[in-house]
Amino acid sequence: MPAEYPEPANVVSVTEDGTRAADRFVYLRSAGVGALLDLRGSLLPAIVHWGADLGDFTAGDAVALAVGDTRAWANNTADEPIRLAVLPESHTGWTGRPGLSGSRDGRAWAPRFRTTELWLHADSGTVTDTSGEPDARLSTIDGGGRIRVTAFDPEAELAVTIHLELSPAGVLRISVELQNRGDTYRLDDLAPAFPVPARGREILDFAGRWGKERTPQRRELGVGIHLREGRRGRTGPDAATLLSVGEPGFGFAGGEVWGVHVGFSGNHRHYAERLSSGEQVIGGGELLLPGEIVLARGERYRSPWVYGVYGDGLDDQARRLHRHLRARPQHPRTPRPVTLNVWEAIYFDHSLDRLLALADRAAEVGVERFVLDDGWFRHRRNDRAGLGDWYVDEEVWPGGLTPLIERVRGLGMQFGLWFEPEMVNLDSDLARAHPEWVMQTGGRIPVPSRHQQVLNLGIPEAYEYVRDRMCNILSTNDIAYIKWDHNRDLVDAGTAPRGEPGVHAQTLATYRLMAELKTRFPGLEIESCSSGGARVDLGVIEHTDRVWVSDNIDPLDRQQMNRWTHQLLPPELLGSHIASARSHSTRRVHDLGFRAATAVFGHLGIEWNLTEASPADLEQLTAWIALYRERRDLLHTGDIVRMDEVDPTFWVNGVVAQDRSSALFSLTFLGRSDAAPLGRFTLRGLDPDRRYRVRPLPIGDPSHGYHVPPWFGLAGAESARASNGVTPLSRAIPKGTVPAGTVLSGRALATAGLQTPMSYPEQAWLIELTAV
């Protein structure tokens, strides 16, 4: 759950003690986003406006906006207008999903909260107060800030504390803490909500499955509720991820969108709702299993952060999230090392000689981190046994991991190791010694998945065992990185012997274990892997340094998965690997150029037995790694740009430096178009008044296509003239040729564009832009 903030110096606290000191508006603004909150009448905060920054305005303007947001009376409705708070309350006449659901044996199920304290903090600058008529007060927090509202219902004997903040990047997020001040209270749901204006009528969220995560889906927002529930005990490959509602037809370049994301890795829900009276909201929170949160007198529950992300287009929305994440103190600052993971190279065949040869070859091509995957611990010759026995297998590794680690470190690479701390095989010493540590309910063992069960980290002794075994491995070996896997859903996830539901406790214990390991081992990095991309969320990313997008490394599928995972996370947090020519997941075969051009727009790695690669492949791979290492500062600090499709077989994606001095784009040919050639493509996000040299970057043997257009600037093409005075089309680029490219303004590139090269399907051109 979110941690409490320390009390900083520039805070304004106003306590409601028989006065109306907390009656005011609060306006948070930052990075082109504004959120106006109405706290008048000692009521819970209501969002009057959330979207584009309204600029400077007065307390009187705030009153006028609130009046302007008040709906006219209609037949057969409440005589008072509905007031929609960030925690929607049914006593106001709101007939949609309530923000708080629970009861005390059938009582206290419809609380009526009144504000008792307001706390304001400006992240930079100060809180500015202005007064106006009639009886209005406005506090403005510019550049990002936070508020905390405490409210109480003496009849229900419940108190809530609402934590709301707008980050300097313009990301709005809410977390709610509930305290029980009476007899035992059973909490069913706590889900804050954000209002969406009536012009937002189209939903975009994500679905998917193993090996095909984050598949976009769109539909109209009609009357009723669009509810996405995740009951897997982890985020899930089919998670909504970021549920957005926007103007019909919104795309990457434009169209207002309002999105919501629940930053939690356990059970969760996202929803969009439209009432017949016209109100619209998006919201979400943790999905609690029956009886999972029961509060005794004085006990509290804190919801996960629920993120609201506004943007003018999907790229603007994604850019706010990326800048928000990059501003965190724990965000990776060192260059993201080229990583080789050995899984698809050797699977469970752990031969020291093979691994040493693979390490030698990896170092030769420029790899910087070498990761030993599943199979290094006792009894682990396949996936049916050994999980939980976190001891180095003495039979396979008679000298321990030391010989391999010493070779890897001697070659100048970091060493990483695979763990699956939350899981156990029944065929393991651990499960035989402690069968009660297996998550279960109803006196039965849950249905197996991948031959494994879930180890209940909510049991203190089980947590301590796993922590101590991991600490032993990490303290006796030079390990810089953990690939943290999680290969099954949580089914019948109860705590023996009574079987009380345990997903909530398991999720928090996982976060706690990650945090404890990072405290004990400063500099340790962790990757969130969960059957590939089934744990990708802003809860786990608070404790990890990258995510594994998918177990499927087929570049054709990865084009889609990387493109849409970027809606939540920036490229440096996306594990993106170059696999062998034939994909192990789909059996498709792709050229190295397509595999590498796809993987380079992330945290680059390799999943390929390089000892079997040809000299030509190794030469080309070395060039791709060098390209990534030269440009990763751009790739991992710039802004994502995704051009809206004009042809479903052709995508243009790229990264533009924040100072607009350079960019790297990919022209990706996913299939065969009905049109040949495709015509012009355009590039967005550049400085319209600067001129850029646009140059293709052919690497290796450029077999990308049949012909390239003259703007590539091949030697001799510009001076050659046909009899009619027109520059002839150039043929495919000869090996070793460096195209000169052309020079155009950012405005011309965004408006007029350049002719698309001809290409075979499932190929990609990289295009480099440099301001001149």
Say we look at region 741-772 and pick out the residues that are aliphatic (A, V, I, L, M) and assigned to a helix (DSSP H, G or I); which of these is most open to solvent (accessible area, probe 1.4 Å)?
ALA750
Within region 258-274, work out how many residues are open to solvent by less than 10 Å² (accessible area, probe 1.4 Å) and over 17 Å from the mean Cα position of the chain (by Cα).
2
Enumerate the pairs (first residue in region 91-107 and in a loop (DSSP other than H, G, I, E, B); second residue anywhere and among the polar types (S, T, N, Q)) with beta-carbon separation below 6 Å, excluding pairs fewer than 6 apart on the same chain, so at least 6 apart or on different chains.
PRO98/SER90
Residues that are assigned to a loop (DSSP other than H, G, I, E, B) and open to solvent by 10 Å² or more (accessible area, probe 1.4 Å), drawn from region 184-195
THR184
Could you tell me whether region 210-219 includes any residue that is out of contact with any Asp or Glu (no Cβ under 7 Å at 6 or more places or on another chain), within 23 Å of ARG234 (Cβ to Cβ) and β-branched (Val, Ile, Thr)?
yes
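Per-residue answers, yes or no, for (1) among the charged types (D, E, K, R); (2) part of a strand (DSSP E or B); (3) over 21 Å from THR95 (Cα atoms):
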| site | (1), (2), (3) |
| --- | --- |
| THR140 | no, yes, yes |
| THR161 | no, yes, yes |
| PHE206 | no, yes, yes |
| ASP238 | yes, no, yes |
| GLY251 | no, no, yes |
Just give me the residues in region 108-131 being assigned to a loop (DSSP other than H, G, I, E, B) and within 27 Å of THR70 (Cβ to Cβ), in sequence order.
ALA110, PRO111, ARG112, PHE113
For region 590-612: of the residues being touching a Leu at 6+ places or on another chain (Cβ under 7 Å) and over 21 Å from SER550 (Cβ atoms), which is surrounded by the most Cβ atoms within 10 Å (Cβ to Cβ)?
LEU610
Please list, ordered by first then second residue, the pairs with beta carbon atoms under 8 Å, 6 or more apart or interchain, first in region 593-615 and among the polar types (S, T, N, Q), second assigned to a loop (DSSP other than H, G, I, E, B).
ASN609/SER580
Quick check, is ALA156 touching a residue at least 24 places away in the same chain (Cβ under 8 Å), open to solvent by less than 60 Å² (accessible area, probe 1.4 Å) and farther than 27 Å from ARG323 by Cβ?
yes
Do any helices (runs of 4 or more DSSP H) entirely within region 296-407 hold 3 or more residues that are open to solvent by 10 Å² or more (accessible area, probe 1.4 Å) and over 20 Å from TRP608 (Cβ atoms), and if so, which?
314-326
Would you mention how many residues in region 613-634 are open to solvent by less than 40 Å² (accessible area, probe 1.4 Å) and of a type in the set (Val, Ile, Thr)?
1
Would you confirm, using the coordinates I've provided, whether THR510 is over 30 Å from ILE405 (Cα atoms) and not small (Gly, Ala, Ser)?
no
Of the criteria (1) open to solvent by less than 10 Å² (accessible area, probe 1.4 Å); (2) under 23 Å from PHE252 (Cα atoms); (3) touching a Phe, Trp or Tyr at 6+ places or on another chain (Cβ under 9 Å), which one MET561 fails
(3)
Which pairs do you get when a residue that is surrounded by fewer than 21 Cβ atoms within 10 Å (Cβ to Cβ), found in region 204-218, comes within reach of a residue that is among the β-branched types (Val, Ile, Thr) and assigned to a strand (DSSP E or B), reach meaning Cβ atoms under 6 angstrom, with the pair 6+ apart or on two chains?
ALA207/THR215
Test ASP53 against the stated conditions and say whether it is over 33 Å from the mean Cα position of the chain (by Cα), of a type in the set (Asp, Glu) and either open to solvent by less than 20 Å² (accessible area, probe 1.4 Å) or more than 29 Å from LEU227 (Cβ to Cβ) (or both).
no
Can you tell me which residue in region 376-411 is farthest from ARG354 (Cα to Cα), limited to those that are out of contact with any strand residue (DSSP E or B) (no Cβ under 8 Å at 6 or more places or on another chain) and among the small types (Gly, Ala, Ser)?
ALA385
Contacts under 8 angstrom Cβ, first residue in region 413-441 being more than 21 Å from PRO497 (Cα to Cα) and small (Gly, Ala, Ser), partner in a loop (DSSP other than H, G, I, E, B) and open to solvent by 10 Å² or more (accessible area, probe 1.4 Å), 6 or more apart:
GLY416/ILE479; GLY416/ALA480
In the set ARG409, ARG467, the lone residue that is in contact with a helix residue (DSSP H, G or I) (Cβ under 7 Å, 6 or more places away or on another chain) and either without any contact (Cβ under 8 Å) to a residue 40 or more places away in the chain or of a type in the set (D, E, K, R) (or both) is ARG467
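This table checks each residue for (1) at pLDDT below 95; (2) open to solvent by 30 Å² or more (accessible area, probe 1.4 Å); (3) basic (Lys, Arg); (4) under 26 Å from the mean Cα position of the chain (by Cα).
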position: HIS636; (1), (2), (3), (4): no, no, no, yes
position: VAL641; (1), (2), (3), (4): no, no, no, yes
position: VAL656; (1), (2), (3), (4): no, no, no, yes
position: ASP659; (1), (2), (3), (4): no, yes, no, yes
position: PHE665; (1), (2), (3), (4): no, no, no, yes
position: ALA675; (1), (2), (3), (4): yes, yes, no, no
position: GLY679; (1), (2), (3), (4): yes, no, no, no
May I ask you to list the residues in region 67-81 that are closer than 15 Å to VAL196 by Cα and in contact (Cβ under 8 Å) with a residue 24 or more places away in the chain?
ARG71
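The values are calculated or read from the model by the stated rules, or taken from the named source; none is laboratory data. Keep in mind that what you see is a predicted model, and the values were worked out from it rather than measured. Methodologically, a virtual Cβ is constructed for each residue, glycine included, from the backbone with ideal geometry; neighbour enumeration extends over all protein chains shown. When the accessible area is computed, the model is the full protein with side chains, heavy atoms only, and any ligands, DNA or RNA have been set aside. Shrake-Rupley method; radii C 1.70, N 1.55, O 1.52, S 1.80 Å.
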